[in-house]
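What follows is a set of notes on a single structure, which appears directly below.
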């Protein structure tokens, strides 16, 4: 880790103390609670996570409780969060935590990365937000900020190196939260609010006069936006899983439930994907939660 720009970091932290978002999970340092939040927040709006996080934890307050529950129940409690495969991965992760770590999330990067469904961002987020360890997290918001600060597209290694270099030692929890908020509220994907940025004077892209193309476009870790949802297989999968939360679905009804009554072949393909992902099982002529 290189020497951070202390003036920039202190300015960002001071700005964040005044502008920080009031999010419920920022009051906890419990590793399991942090992990649940981070898994929920993958490709899901913060407002929706804020609604579902506490109720989910009331039912599954520890990794042990989650691991002991049927996977179908975890999927049911995931309702409203989308990307239901994450519920399966969280359940698998909980079982691994119980079997390999006596029910407690490990506190090293390699051990966290070895768990199902935990990637580089989630592992570092648990370390920074639960254990307050000096690890820099990189999501689409922070990656966008870093690319603009550097005024160039960054590779995966470069963006992590830049995040590590910017992290002021001993302030990992606050710094990472501040970077997330800076990207989400100020250094936005479209029409960034540079006039409201506390460190626009230390931004390479701003200093160059905001030349086109935006260095964040195509930079590693920066989301380019999701594909169209309306009419997609994702929409049909979601409809099927939502129906399965209420009870089994007859295989012959799957096309209608998915929204494609005239395309049973498409429904069969999507059902096969749900089964392969562990989100459903075929029991004779009926599709059920696993």
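Quick notes on this one:
- For the chain, the longest principal axis of the alpha carbon atoms and the long axis of helix 46-59 meet at an angle near 60°.
- Result for the chain in a Gaussian network model with C-alpha springs under 10 Å: among 143, 191, 216, the largest mean-square fluctuation is at 191.
- Under 17 Å from the residue 51 label point (7 Å along Cα→beta-carbon), backbone N, region 70-108: 76-84
- Separation of region 84-132 and region 213-290, taken as the distance between their Cα centroids, equals 26 angstrom.
- Cα-based convex hull, region 172-285, per residue volume (Å³, whole number): 183
- Neighbour-count ranking [beta-carbon atoms within 10 angstrom, fewest first] of 230, 51: 230, 51
- Taking the fewest neighbouring Cβ atoms within 10 Å as the starting point, the ordered list for 135, 193, 171 is 193, 171, 135.
- The Stokes-Einstein estimate for region 1-117, based on a Kirkwood radius over Cα pairs and taken at 25 °C with 0.890 mPa s viscosity, is a diffusion coefficient of 156 µm²/s.
- Cα gyration tensor shape for region 233-288, rounded if a/c is under 1.5, else prolate or oblate: rounded
- Over region 105-223, relative contact order from alpha-carbon pairs under 8 Å, at least 6 apart, %: 32
- Net lengthening on full extension, residue 132/residue 152 (0.36 nm per residue, minus Cα-Cα): 4.2 nm
- Between region 40-66 and region 157-194, the alpha-carbon centres lie 24 Å apart.
- Highest-fluctuation residue, 155, 122, 142 considered, GNM on the chain with Cα pairs under 10 Å: 155
- Using alpha-carbon coordinates, inclination of helix 172-185 to the longest axis of the chain, degrees: 80
- Look at 146, 180 and count the other Cβ atoms within 10 Å of each Cβ; fewest to most, that gives 180, 146.
- Label-point gap, in nm, between residue 235 and residue 256 - each point 7 angstrom along Cα→Cβ: 2.0
- Relative to the longest principal axis of the Cα atoms of the chain, the long axis of helix 140-150 makes an angle of roughly 30 degrees.
Any read-out appearing in this document is the output of simple, stated calculations on the displayed coordinates, not a laboratory observation. These numbers were taken from a predicted model, which means no experiment stands behind them. No Cβ is skipped: glycine too gets one built from the backbone with ideal geometry, and neighbour counts run over all protein chains shown.
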